[in-house]
Amino acid sequence: AVERTLSIIKPDAVAKNVIGEIYARFEKAGLKIIAARMAHLSREQAEGFYAVHKERPFFNDLVGFMTSGPVMIQVLEGEDAIRKNREIMGATNPKEAAAGTLRHDYAESIDANACHGSDAPETAAQEVAYFFADDEICPR
Ligand code: CMP
């Protein structure tokens with residue numbers, strides 16, 4: 001089915017100046033960027049976005065990292081977009097990420113892991129709505 005998923009290029013990858021390289025991988029896989037915005041997240045925005053992880057031991061480091069510099073936030077649309085994006089990203093821990101994946105190629109650690117992607121249809125819908133109003137999304 002055609003799906004939408006939320007993608008974030010994290011501060012480490014933005015600092016490496018590889019936004020375009022990452023967008024090319026999405027586009028080569030047949031995913032369309034139908035909304036995008038650069039932002040330097042506030043602590044409140046990052047905590048709200050990652051609220052499901054609030055009790056996890058890594059929560060503070062995660063929020064600290066995600067607010068350490070600008071991020072690029074986008075909605076990707078396409079056939080099987082949620083799974084495809086996760087395949088393009090590779091495993092959460094870059095040490096376990098397969099060759100040719102974003103995290104293998106651009107990430108340094110499980111915190112500075114280059115990108116985020118929604119993990120299921122329900123979270124994708126929530127995450128897209130967290131950052132984008134309906135009239136900011138431009139399917140075609
Ligand atoms: P992300 O897909 O953005 O979702 C939560 C983030 O927490 C994850 O990527 C990692 O960058 C970060 N994180 C840090 N430690 C862990 C861990 N042990 N397990 C899962 N995610 C972690």
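What follows draws every value from the coordinates through simple rules; no lab data is involved. Here the structure is a predicted model, which means the values were calculated and not measured. Glycine also receives a Cβ, built like all others from the backbone with ideal geometry; neighbour counts cover every protein chain displayed.
Compute and list, largest first, the equivalent-ellipsoid semi-axes of the stretch 11-57 from the alpha carbon gyration tensor, each √(5λ) rounded to a whole angstrom. List each step's numbers first, then the result.
Details: eigenvalues 134, 37, 27 Å².
Gyration-tensor ellipsoid for the stretch 11-57: 26, 14, 12 Å.
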* **Charge sum, other residues only, whose C-beta stays under 11 Å from Lys32's C-beta, Lys/Arg counted +1 and Asp/Glu -1** => -1
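Summing +1 for each Lys or Arg and -1 for each Asp or Glu, what net charge is found among the other residues whose Cβ lies under 12 Å from the Cβ of Lys95? Don't jump to the answer; show the numbers that get you there.
Details: positive: Arg103; negative: Glu96, Glu108.
Summing Lys and Arg as +1 and Asp and Glu as -1 gives -1.
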* With a sphere of radius 14 Å drawn around the Cβ of Cys115, what net charge do the other residues whose Cβ falls strictly inside it have (Lys, Arg +1; Asp, Glu -1)? -> -2
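Exposure proxy check: Ile33, Ile88 ranked by fewest other beta carbons within 10 Å?
With the fewest neighbours first, Ile33, Ile88 line up as Ile33, Ile88.
Sort Met66, Met38 so that the residue with the fewest other Cβ atoms within 10 Å of its own Cβ comes first and the one with the most comes last.
On the way: Met66 22, Met38 12.
By the 10 Å Cβ count, ascending, the order reads Met38, Met66.
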* **Cβ crowding within 10 Å averaged over residues, with 18-25, 75-82 ranked highest first** => 75-82, 18-25
* Among His40, His116, which comes first, second and so on when ranked by fewest other beta-carbon atoms within 10 Å? -> His40, His116
* How much of the calculated P(r) for the chain lies past 22 Å, in percent of all Cα pairs? -> 32
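For the stretch 40-104, what class follows from the C-alpha gyration tensor (a ≥ b ≥ c being the square roots of its eigenvalues): rounded when a/c is under 1.5, otherwise prolate if a/b is larger than b/c, else oblate?
Numbers: a/c = 1.95, a/b = 1.49, b/c = 1.31.
The shape class here is prolate.
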* Structure fact -> Asserting the computed 222 nm helical MRE of the chain (DSSP H runs at least 4 long, -39500 (n - 2.57) per run, divided by residue count, to nearest 500) equals -10500 deg cm²/dmol
